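Notes follow the structure.
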Amino acid sequence: MDSTDVIIVGGGLNGSALALALGDAGLRVTLVDRLAASVRDSDSFDGRSYALAHGSFRLLKAIGLGPALDGKTQPILGIKVSDGRAGEGASPLHLVFDHAEIEEGPMGWMVEDRHLRQAFLARIDGHPRITQIEGTVTDHAAAGNAASVTLSDGTALHAAMLVAADGVGSPTARRAGITRQGWRYGQTALVCAIEHDQPHGGIAHQFFMPPGPLAILPLPGNRSSIVWTERDAEAARIQALDDAGYLAHLRPRFGSFLGDIALAGARFTYPLELSLARSFTGARLALVGDAAHRVHPIAGQGLNAGLKDVAALAEVLVDARRRGEDIGRADVLDRYQRWRRFDTATLALATDSINRLFSNDNPLVRAARDIGLGVVGALPGLRRGLIREAAGLTGDLPRLLQGRVL
Ligand SMILES: Cc1cc2nc3c(=O)[nH]c(=O)nc-3n(C[C@H](O)[C@H](O)[C@H](O)COP(=O)(O)OP(=O)(O)OC[C@H]3O[C@@H](n4cnc5c(N)ncnc54)[C@H](O)[C@@H]3O)c2cc1C
């Protein structure tokens, strides 16, 4: 096979987004995934969905996913944060973030996993500069001004550089000798979708419970996505229950404000960990998405952080190509590393600290954080800053996150 500009290992959401950003800007891309596109693209709702920050949604529109997602997303119009205990409900001091406080519009959108994957594949299929290959990458190398990967059937592919978008614990990063820092939280997220009697009004809720947070995120119609964190053993016990037993545990955790609830789709569990690659680059290699970092889902920032990597890397590579530079050279890849690694380490620390502060039943800590919620609620300037942060509208934003073309 001919050499291409970039080989992306992993066709998950981040790998697919990068392929489109680079392909649309004129680079030739080979996207390799061990699973066939038809397996990754499932039509039925399986309960998984994402909270996409305002900036992430701009990127999806910039790479042409807007029409396919039209009418399939739920705008997040507000976020209500409160402290609580199962059976006791939320504390009287809570914090409300309202999108009307910023001029950009909704803070973000909820979108189901299946709609995102279908939108990606519809745009990638037949793209003139993207070649999709079904295969498992077993080795890679960099020598001179080229990089290569080897697939399990012996096929060798060549490019100017490689991108590892191969998810948690990235085998590509490991092979390149990139070590990681992080730890397991001893917490597991129980993830499902529910149908409910009462409308959610576009409001997302975050209840901080001693074992971990419970997020209730609005989906189109009278449905919501649940990300419910428990200690590992308790999560395993709840997940093993039948649907009625599972719901019997879920109901008292958020009370009756949505009326009666029923499960919609499958139930998932995710062990929670912090995992940060010590370097986001290697020889003719860049890491994006979960391959580079895994953070606590407490702020729903996992995929958003990955899409920020995608936007930053695409901008660095496209600008380098326009200047006639070799896109795999260390100084080019360093620009990406400088842009993203510090920002990601800050996010990892912030989610870690929030989790430690809130997953705690110490009465003094509870009192302090309740007062903290009240103080933030009383200061509109601080609140607006936090809303803009949650919406992904702060910091040194890559062009795609500003809604501009590359
Ligand atoms: C409980 C939970 C809730 C979450 N909620 C949110 C949320 O609300 N908002 C949000 O923004 N994020 C959320 N996230 C995070 C989000 O799910 C991930 O960050 C995102 O899906 C990662 O995408 P990725 O493309 O980097 O990796 P992956 O989706 O893991 O994709 C990796 C791909 O690489 C392929 N692959 C791996 N190895 C090889 C190989 N050797 N050869 C070929 N192919 C290979 C795999 O088949 C796979 O398709 C949540 C995460 C959890 C755990």
_Which order do the peptides 152-164, 109-121, 317-329 come out in when sorted by mean C-beta neighbours inside 10 angstrom, highest first?_
109-121, 152-164, 317-329
*Hey, which lysines would be in cross-link range of Lys61, C-alpha to C-alpha under 17 Å, not counting anything within fewer than 8 residues on its own chain?*
Lys72, Lys308
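Report the extension gain between Asp153 and Phe342 in nm, rounded to one decimal, defined as 0.36 nm multiplied by the number of residues separating them, less their alpha carbon distance. It would help to have the intermediate numbers written out before the result.
Values: separation 189, 0.36 × 189 = 68.04 nm, distance 3.81 nm.
Difference between extended and current length: 64.2 nm.
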*Taking Cα atoms of the stretch 98-185, Rg/Rh with Kirkwood Rh, to two decimals?*
1.11
_Students often check this: by mean Cβ neighbours within 10 Å, which of 170-177, 195-202 ranks highest, and how do the rest follow?_
170-177, 195-202
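So for Ile238, Ile216, Ile8, fewest C-beta neighbours within 10 Å to most, what's the order? Could you put the intermediate results ahead of the total?
Values: Ile238 19, Ile216 24, Ile8 28.
If I rank by nearby Cβ atoms, fewest first, I get Ile238, Ile216, Ile8.
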*asked:* Ranking request for peptides 49-56, 123-130: highest mean number of other beta-carbon atoms within 10 Å first, then the rest in descending order.
replied: 49-56, 123-130
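Bear in mind these aren't lab numbers, they're just calculated from the coordinates by the rules spelled out. Everything numeric here is computed off the predicted structure, so don't read it as measured data. Glycine gets a Cβ as well: all are built from the backbone with ideal geometry, and neighbour counts include every protein chain shown.
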